[in-house]
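Below is one structure; the comments refer to it alone.
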Amino acid sequence: QVQLVESGGGLVEPGGSLRLSCVASGTTYAIYGMGWFRQTPGKQRNLVAAITIGGNTNYADSVKGRFTISRDNAKNTVYLQMNSLKPEDTAVYYCSARTDGMRYWGKGTLVTVSS
């Protein structure tokens, strides 16, 4: 079992920045990939960014050049640095971890981009 706890969400003005953090605990040795997804009411949960244990990254087209995902394997933590935020980035952001056969989710953290 893997437990994930997100932090760092909040209210930010358009053009601002936020950094989300996700700490993993439990059987973290089994994790081979982590990522951030986001979801708005009535819509499906979509991938924002992902990173493998080796450091390979993948981003949604809508955030390329603005968001950066990184991980600290020693701290079992993954980060999402979000710059140049737009109102359309408003969503609940969920941390996710992949092991063989399982995907785990955090409870989510709300990011609101508004003036």
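When only the Cβ of Lys, Arg, Asp and Glu is charged (+1, +1, -1, -1), the dipole of the chain relative to its Cα centre reaches about 100 debye. Summarising the label geometry, the points placed 7 Å from Cα in the beta-carbon direction at THR90 and THR27 lie 4.0 nm from one another. What is the Cα centroid distance between the range 73-115 and the range 1-53, reported in whole angstrom? The two parts, judged by their Cα centres, are 2 Å apart. Between the beta carbons of ARG66 and GLN39, assuming R0 = 30 Å, the FRET efficiency works out to 0.95 to the nearest 0.05.
Where a number appears in this text, it was derived from the coordinates with a stated rule and is not lab data. Computed from a predicted structure; not experimentally measured. All Cβ positions, glycine included, derive from the backbone under ideal geometry; neighbour counts span all protein chains shown.
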